Every structure is written in structure tokens, then in C-alpha cells.
Amino acid sequence: VQLVESGGGLVQAGGSLRLSCAASGRLFSTFTMGWFRQVPGKERELVATIGWSGGSSTYADSVKGRFTISRDNGKNMVYLQMNSLKVEDTAVYYCNTMRSGAPFDSWGQGTQVTVSS
């Protein structure tokens with residue numbers, strides 16, 4: 001599966017962004033998908049996951065109630081709606097397939113999200 005993230009940008013604290021992840025491959029609809037983020041000098045952090053059917057999702061405590069993950073299997077797309085953004089949400093955001101609870105495919109280029117105070 002190849003992954004291409006988009007939708008990042010510069011936004012003020014309290015604002016919103018919607019990230020998109022385009023995935024190639026016929027088996028996309030069978031995979032759990034995850035959104036991750038990374039800031040320089042830190043480990044990549046799992047932000048949210050969504051099951052293959054879209055019926056189940058999980059969130060990191062730091063984003064719970066503010067971010068919503070969704071998917072469209074017909075379009076091979078995964079989305080991350082980010083509301084009430086905080087300065088600490090600033091990071092490069094990546095998506096990936098999840099297998100056995102871990103990211104599996106090669107990472108895309110990511111999309112930069114910068115939240116200003």
C-alpha cells in the first residue's frame with residue numbers, strides 16, 4: 001500500500017483542519033488504518049485508529065474529543081478531522097495501515113500541521 005497525506009497547513013489555536021490520506025491497493029478496505037504524528041526529536045505517536053469497516057475507532061488521550069477519524073473505502077481514503085487545535089498538536093502527520101497493532105507499510109511524506117498561538 002502506498003500512502004499520500006495532504007491537508008496540513010498553518011492554523012491558529014482553536015481552529016480546525018481536515019487531513020486526508022489516499023491509499024493505493026485493492027486490499028485497503030481490509031486494513032485497520034491509523035494516523036500518527038511526529039515532532040523533531042521525538043518518537044512517532046499514534047493519534048487515532050479506525051477499523052476496516054469504520055465501525056470502531058480509538059484515540060490518544062491527548063486528542064480525544066477534538067479529533068475524529070473516518071474512512072471511505074470506496075475511495076481508498078482516510079480522514080482526520082481536527083478541531084480545537086492546540087499549539088502542541090503541531091507536528092508532521094502520517095497515515096499507515098495497521099497490522100497486529102503496529103504500522104506496517106512504508107511511510108509517506110506526511111503533511112505538516114502548524115498551530116500558532
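The values are calculated or read from the model by the stated rules, or taken from the named source; none is laboratory data. All of these numbers come straight from a predicted model, not from anything done at the bench. Virtual Cβ from ideal backbone geometry, glycine too; neighbours counted across all protein chains shown. The area values use the complete protein model at the heavy-atom level, side chains included, leaving out ligands, DNA and RNA. Shrake-Rupley method; radii C 1.70, N 1.55, O 1.52, S 1.80 Å.
Say a paramagnetic label sat at a point 7 Å from the Cα of Lys86, along Cα to Cβ; which residues of the stretch 52-75 have their backbone N under 16 Å from it? Residues 59-68 qualify, since their backbone N sits under 16 Å from the label point.
Quick one: with all protein chains in place, what share of the accessible area of the stretch 15-93 is carbon or sulfur, to the nearest percent (1.4 Å probe)?
Details: 2010 of 4000 Å².
Accessible surface attributable to carbon and sulfur in the stretch 15-93 totals 50 percent.
Spatially, the stretch 91-117 and the stretch 41-65 are offset by 10 Å when compared through their Cα centroids. Sorting the Cα pairs of the stretch 16-103 by distance into bins of 5 Å, from 0 upward, gives 3, 15, 28, 26, 17, 9, 3, 0 percent per bin.
If you take all C-alpha pairs in the stretch 1-58, what percent of them are over 15 Å apart? Counting every Cα pair in the stretch 1-58, those more than 15 Å apart make up 63 percent. The residues of the chain expose on average 52 square angstrom of accessible surface per residue, using a 1.4 Å probe on protein heavy atoms.
Which residues does a label at Ser62 reach in the stretch 84-117, if reach means a backbone N under 18 Å from a point 7 Å past the Cα toward the Cβ? Within reach of a label on Ser62: 84-96, 103, 110-117. A simple packing score, the average count of other Cβ atoms within 10 Å per residue, orders the peptides 93-105, 39-51 as 93-105, 39-51, with the highest score first.
The alpha-carbon of Lys75 sits under 16 angstrom from the alpha-carbons of these aspartates and glutamates, leaving out residues fewer than 8 places away in its chain: Glu5. Excluding same-chain residues fewer than 8 positions from Lys64, which lysines have a Cα within less than 20 Å of its Cα? Cross-link targets: Lys86. For the chain, the antiparallel share of DSSP beta bridges with both residues in that region comes to about 90%. Around the Cα centre of the chain, unit charges on the Cβ atoms of Lys, Arg, Asp and Glu (plus for the first two, minus for the last two) sum to a dipole of about 180 debye.
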